[in-house]
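Report on the following structure.
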Amino acid sequence: MRNSLFCAAALLLAASASAQMPLPAFGSTYTGAQTRGFWFQAPVSCFVTGLSVPNESAQPFQAIEFIDLGTSPPPVFSGTIVGTTMFYDNSSVGGSVVATAIPLIAGNYYGVLGACTPTVGSTTSYNSYSSITGSFTSDILGIPTPITRFGTQFGIGGGPGNPVWQEPTGTLCRVEVYVSAGGSGTFATNTTLGTGCGGGALGDGTFYELFDGVASLNDLANTSYTLYWTGSGYLVTSGATPLVTPTGGAVTLGDDQTTALTLPFAFPCPRGNITQAWLCSNGWLSFETTTNTDYTETVAELLTMGTRLAFLWDDLNPSAGGTINAELDGNGIYQITYTNVAEYSTTNQNNVQVSLWPNGNIEIKYGTLAVLDCIVGLSSGVLATDPGNTDLTTTLPILVTTGQYLPTLTLAATSRPVLGTSWNMSISSIPGNAAFGVEIYGLGDPGINDMGFLGMPGCPLRASPDLLNAFLVTGSTHGMVWPVPNNPTLSGLDIFATSAIFQSPPTNPFGAITSNGLKGHVGDL
């Protein structure tokens, strides 16, 4: 939801006139589970005071994200980058101007995404496309400023922070951006200090069977196998429960497309306990964020391109026939089902079902298959070692050790320390063995990045412990709040914050891990 701090700051900027960055004329509405916009390089330091998505589709809501891309433009599709979200709102009335106070730094690159949506939280995006392709020369405060097509393969109504890219020759999408030279005062900012500890690196584990379609032909039709999650890998055995007939609506996936699936439970896997997975129409499922749509199945790519399950990795084309479903069945199991999905440039039909269990187990069940060449298997996918080909019909069971990635304890700001408001922060990736936690606030930064001398190797201390607040852990996240008095003499003051989590059983001699630090620069804007 839109942060009220931005509204308050925007009112302080009202004395300075705002001007909209000019846009090309409306051409058409593009509807899909992807969101578009444009990127630009700021020619001068200034403020974005308002954002709006043109609402030609007459939808009730809009979703807008403004992203700091740093000192470089975004990569060209199909490369991606995850920028820093400076503003996000998915619940404002469609077509309304949302008040903001986003600072732009001359020379830095920024992107804006926006679409109208049918409901709050919907990933269906109604994008306002222009009638032109390529870049368009807009302006900021009278200075010519080229804007270029910018996008993500996700519907941002479902949340911000997705991988983004540019496409210089694509149709330019329209989002209204209002800019002001700003006013007097001090702009409140957040700065991340150091990196937290407590995480665990992903291991090296892979198994696969490669069918080249010539010397070895796919022989998995009407067979099945199960991957039993051990907490650090899988025991892979023959057999699985019967296929479950889908009952819900189909997933919209065309040729060479990947989409994010929201899982109905926290699913244990080599990437930790995940709540999203990324399904590619070409027969593989990624356990980490990706916009890859790879159809050229090779062992080298399986070993290096992220943690994923290849259940029937081949050049498939659901646009040419068949359906794909993803849904929770009556037994609490998440079923991903390919029914009569065609192989590219053929009418060959293929049937396979992937079952994800809440305990981390995975079942792969094949019906009739027509593809002769493909890869099936799983890899941790980070420069993993090649174990060689495994015949899944004759050599099971096998044990595969992948390890489990555990993220470091992280502290992130969800608002800025503006006078008269609250500086809000969130601790994330709190481990399951947490006993209790401590919020740490101070007026200085000790600058310690490794407290091995206290029995906390790799753990930082980036806020002086001037004020401590203990709390009981109730989940994997915890909110921290620092009230900022409405006292003008505090403008320009730096406040530091970090957190510690005490564990049982402990993972180091001291028994605690710490997050990164945050420096909040107090201001009145």
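A quick yes/no check of all residues on (1) assigned by TED's automatic domain parsing to the domain that holds Thr307; (2) without any contact (Cβ under 8 Å) to a residue 24 or more places away in the chain; (3) over 30 Å from Ser122 (Cα atoms):
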site	(1), (2), (3)
Thr223	yes, no, yes
Trp229	yes, no, yes
Thr258	yes, no, no
Leu263	yes, no, no
Gln276	yes, yes, no
Ser281	yes, no, no
Trp284	yes, no, no
Please go through segment 31-68 and pick out each residue that is assigned to a strand (DSSP E or B) and among the acidic types (Asp, Glu).
Glu65, Asp68
If we take segment 322-382, then strands (runs of 3 or more DSSP E) inside it with 2 or more residues that are at pLDDT 95 or above and under 24 Å from the mean Cα position of the chain (by Cα) are 323-328, 334-342, 349-356, 373-379
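Yes or no: Gly161 more than 24 Å from the chain's Cα centre (by Cα) and in a loop (DSSP other than H, G, I, E, B)?
Details: more than 24 Å from the chain's Cα centre (by Cα): no; in a loop (DSSP other than H, G, I, E, B): yes.
So Gly161 fails the test.
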What are the residues in segment 116-132 that are crowded, with 16+ Cβ neighbours inside 10 Å, in a strand (DSSP E or B) and in contact with a Gly (Cβ under 7 Å, 6 or more places away or on another chain), if any?
Cys116, Thr117, Ser125, Tyr129, Ser130
Any residue at all in segment 74-84 that is aromatic (Phe, Trp, Tyr) and either at pLDDT below 90 or not assigned by TED's automatic domain parsing to the domain that holds Ser130 (or both)?
yes
Among the residues that make up segment 476-485, is at least one of them surrounded by 14 or more Cβ atoms within 10 Å (Cβ to Cβ), in contact with a Cys (Cβ under 8 Å, 6 or more places away or on another chain) and modelled with pLDDT of 95 or more?
no
If you go through segment 402-417 one residue at a time, do you hit one that is under 30 Å from Gly233 (Cα atoms), in the same structural domain as Ala463 (by TED's automatic domain parsing) and exposed (fewer than 15 other Cβ atoms within 10 Å of the Cβ)?
no
Checked pairs for segment 385-396, first in the same structural domain as Ala221 (by TED's automatic domain parsing), second acidic (Asp, Glu) and in a loop (DSSP other than H, G, I, E, B), C-beta under 7 Å and 6 or more apart or across chains, list as Thr385/Asp204; Thr393/Asp219
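The values are calculated or read from the model by the stated rules, or taken from the named source; none is laboratory data. These numbers come from a predicted model, not from an experiment. When we count neighbours, we look across all protein chains shown, and the Cβ atoms used for this are built from the backbone with ideal geometry, even at glycine.
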